[in-house]
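Read the structure below first, then the notes.
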Amino acid sequence: MKLCPRCKALAFDDMSTCYNCLYPFNLPRVEDALLDAEVYEPDEAVPVVASATTPAALLLDVRQGLGQRAREVLISEGQCLQLGRAHGSDVVLIASNVSRHHAMLRLSGGELVAEDLGSTNGTFVNGCRVQGHAKLTPGDVLGVGEARLSVRKVGGL
């Protein structure tokens, strides 16, 4: 086990990203020093600035349970994110009602698509159970166990 230098959460040794704050453990030492500088405040959301060169992207506000502070996950054009309880997932969701490999999100051609990966408790879009695939748009809420992922627009979409 190792300790995240940003949020102090425990993580498995083979994890490349902190499940709590999404800190990438494999950053070069120079960037580590920049992130740990006094200017950084972990209780504040870090804004994502879009520009003309920013590829089409969406932000997911991930909230693991009631009263939990949301964290932001950026999904860019052509990217797939696996959601689940397994420590190798792109977005780790810690809850007993989340399957190890629960759902997949894919942003392709400007469309965000959610796919349930055969989870026990199902994946929901705006309260409706996903059967196969479901398209998400900004403002939609993806339910994975107790976690809620709200879709927000960023960049060229």
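The values are calculated or read from the model by the stated rules, or taken from the named source; none is laboratory data. Remember, it's a predicted structure, so these values are computed and weren't measured experimentally. Keep in mind that these areas ignore ligands, DNA and RNA; they rest on the heavy atoms of the full protein, side chains included. Shrake-Rupley method; radii C 1.70, N 1.55, O 1.52, S 1.80 Å.
Some observations on this one:
- Accessible area ranking (1.4 Å probe, heavy atoms, ligands and nucleic acids excluded), largest first, for Asp14, Asp90, Asp140: Asp14, Asp90, Asp140.
- Available extension along the chain between His133 and Cys7 is 42.0 nm, counting 0.36 nm per residue and deducting the alpha carbon span.
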